[in-house]
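Only one structure is covered here, and it is reproduced in the block below.
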Amino acid sequence: MNSIKRHIPNSLTCCNLISGCIAIVMAFYGYKMALVFIIIGAVFDFFDGMVARLLHVSSPIGKELDSLADVVTFGVAPSMMVFTLLNQISGFGTLHTFIPYAAFLIAAFSGLRLAKFNLDERQTTSFIGLPTPANALFWGSLIIGIGERIPTSHYSVAAILVLILLSSWMLIAEIPLFALKFKQWSWHGNEIKYIFILSCLPILMIFRISGIAIIIVWYVILSLFTAKEADLA
């Protein structure tokens, strides 16, 4: 029985990894399906950790497997979506052949962020730097929102390159971001978390899938506000 319990979280993590692999393939055929499998991977990523804690079967191999799966699902998959988008936009003349490969900076910095997370003991109840699932959801929803309407010009390419650099920096930046973990359910002490959750609903209703990108930006802004308030206190 204990042997079976130990394999349950790892099986869920492997499902996350498989979802990421499928998302990479889908990036060539349709952005929406790529985002769907990133979201599916995020669901498996949430439950593998929760199940491991409930069954008290966390292990070093599970931790390493989780990071590997996250690199694929939340690093390589969104990178491939950005790569495909940049390939569809013309700009910068002959440099256009090489520019799309800048998308893989997202994968590289996602791997670096996950490595830092595994070694950083400060991130038990909050995050330092943008979590890789949030970054992947930002890119996936943004691409779906602008993919069909983005003008094919070097200005569009430049804007995407700037966003790649900014999001890569956010992954490893020493910026504290709150986590949606509740020790108790009262309003006091959880104000920012409840404000964030309640504000997500109208954003999704108005902007639909594209609203996910707005929510991620809103999450960063609220975290910065919370950190500033804590410093002033």
Query raised in the report: Can you tell me which residues in the range 150-175 are at pLDDT below 90 and outside any helix (DSSP H, G or I)?
Result: Ile150, Pro151, Thr152, Ser153, Glu174, Ile175
Query - Hits in the range 40-56 - residues which are open to solvent by 70 Å² or more (accessible area, probe 1.4 Å) and either among the hydroxyl-bearing types (Ser, Thr, Tyr) or modelled with pLDDT of 95 or more (or both) - result: none
**Report entry** Pick from the range 57-95, criterion over 25 Å from Ala42 (Cα atoms) and either in contact with an Asp or Glu (Cβ under 8 Å, 6 or more places away or on another chain) or open to solvent by 40 Å² or more (accessible area, probe 1.4 Å) (or both), ranking: modelled with the lowest pLDDT
**Finding:** Phe92
Query raised in the report: Just for the range 100-145: of the residues that are of a type in the set (Ser, Thr, Tyr) and outside any helix (DSSP H, G or I), which one is least open to solvent (accessible area, probe 1.4 Å)?
Result: Ser126
Report task. Restrict the check to the range 50-59 and report whether at least one residue is of a type outside the set (Ser, Thr, Tyr) and closer than 26 Å to Ile143 by Cβ. Result -> no
Requested in this report: Report, by residue number, each residue of the range 176-194 that is in a helix (DSSP H, G or I) and loosely packed, with under 13 Cβ neighbours inside 10 Å.
Outcome: Glu191
Query raised in the report: Any residue at all in the range 48-69 that is more than 14 Å from the chain's Cα centre (by Cα), under 28 Å from Thr226 (Cα atoms) and not β-branched (Val, Ile, Thr)?
Result: yes
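Could you please let me know if Ser58 is free of Cβ contacts under 8 Å to residues at least 60 places away in the same chain and either not basic (Lys, Arg) or not in a helix (DSSP H, G or I) (or both)?
yes
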Query raised in the report: Mind checking which pairs have a first residue in the range 9-26 that is open to solvent by less than 50 Å² (accessible area, probe 1.4 Å) and a second that is hydroxyl-bearing (Ser, Thr, Tyr), Cβ under 8 Å, 6 or more apart or different chains?
Result: Pro9/Ser58; Asn16/Thr73; Leu17/Thr73; Ser19/Thr73; Gly20/Thr73; Ala23/Thr73
Query raised in the report: Within the range 27-39, how many residues are of a type in the set (A, V, I, L, M), out of contact with any Gly (no Cβ under 7 Å at 6 or more places or on another chain) and open to solvent by less than 40 Å² (accessible area, probe 1.4 Å)?
Result: 1
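The values are calculated or read from the model by the stated rules, or taken from the named source; none is laboratory data. Owing to the predicted nature of the structure, the values given are computational and were not obtained by experimental measurement. Every residue, glycine as well, gets a Cβ built from its backbone with ideal geometry; the counts of neighbours run over all protein chains shown. SASA here: full protein model, heavy atoms, side chains in, ligands and nucleic acids out. Shrake-Rupley method; radii C 1.70, N 1.55, O 1.52, S 1.80 Å.
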